[in-house]
Amino acid sequence: MVKQDSKNGNSVFVCEACGFAYREQAWAEKCQAWCAKHKSCNVLITRHAVQ
Ligand SMILES: [Zn+2]
């Protein structure tokens, strides 16, 4: 499960595997699924992360 959090007043979804935060839940879920399976990050996914 991705974790819902807030950053600077915006709600974000956090991948619990790597800690990257996303504005869209769909990206956080993709990241989480990738991280759990590959034990690494996919730059095509993490580029969508909130800085
Ligand atoms: Zn991740």
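Direction-averaged shadow area of the convex hull around the Cα atoms of the chain, nm²?
Numbers: hull surface 11.9 nm².
Directional mean of the projected Cα hull area for the chain stands at 3.0 nm².
May I ask you to list the trypsin sites (Lys or Arg not before Pro) in the chain that are in a DSSP loop and have at most 13 other Cβ atoms within 10 Å of their Cβ?
Hits after loop and neighbour filter: LYS39, ARG47.
Just to confirm the number: angle between the C-alpha axis of helix 25-38 and the first principal axis of the chain, 0 to 90 degrees, nearest 10?
30
At 222 nm, what value in deg cm²/dmol follows for the chain if DSSP H runs of at least 4 each add -39500 (n - 2.57) and the sum is divided by all its residues, to the nearest 500?
When only DSSP H runs of four or more count, the value is -10000 deg cm²/dmol.
In a shell of Cβ-Cβ distance under 12 Å around ALA21, excluding ALA21 itself, what net charge do Lys and Arg (+1) and Asp and Glu (-1) give? Before the final figure, lay out the partial values.
Numbers: positive: LYS3, LYS7, ARG23; negative: ASP5, GLU16, GLU24.
That sum, taken over residues with Cβ under 12 Å, equals 0.
Could you calculate the contour length gain from LYS7 to ALA36, that is, 0.36 nm times the residue separation minus the distance between their Cα atoms, to one decimal place in nm?
Details: separation 29, 0.36 × 29 = 10.44 nm, distance 2.38 nm.
Length gained between LYS7 and ALA36: 8.1 nm.
None of the figures in this text is laboratory data; all of them are computed from the coordinates on show. A quick note: this is a predicted structure, and the numbers were derived from the prediction, not measured. Ideal geometry is used to build each Cβ from the backbone, glycine not excepted, and the neighbour counts take in all protein chains shown.
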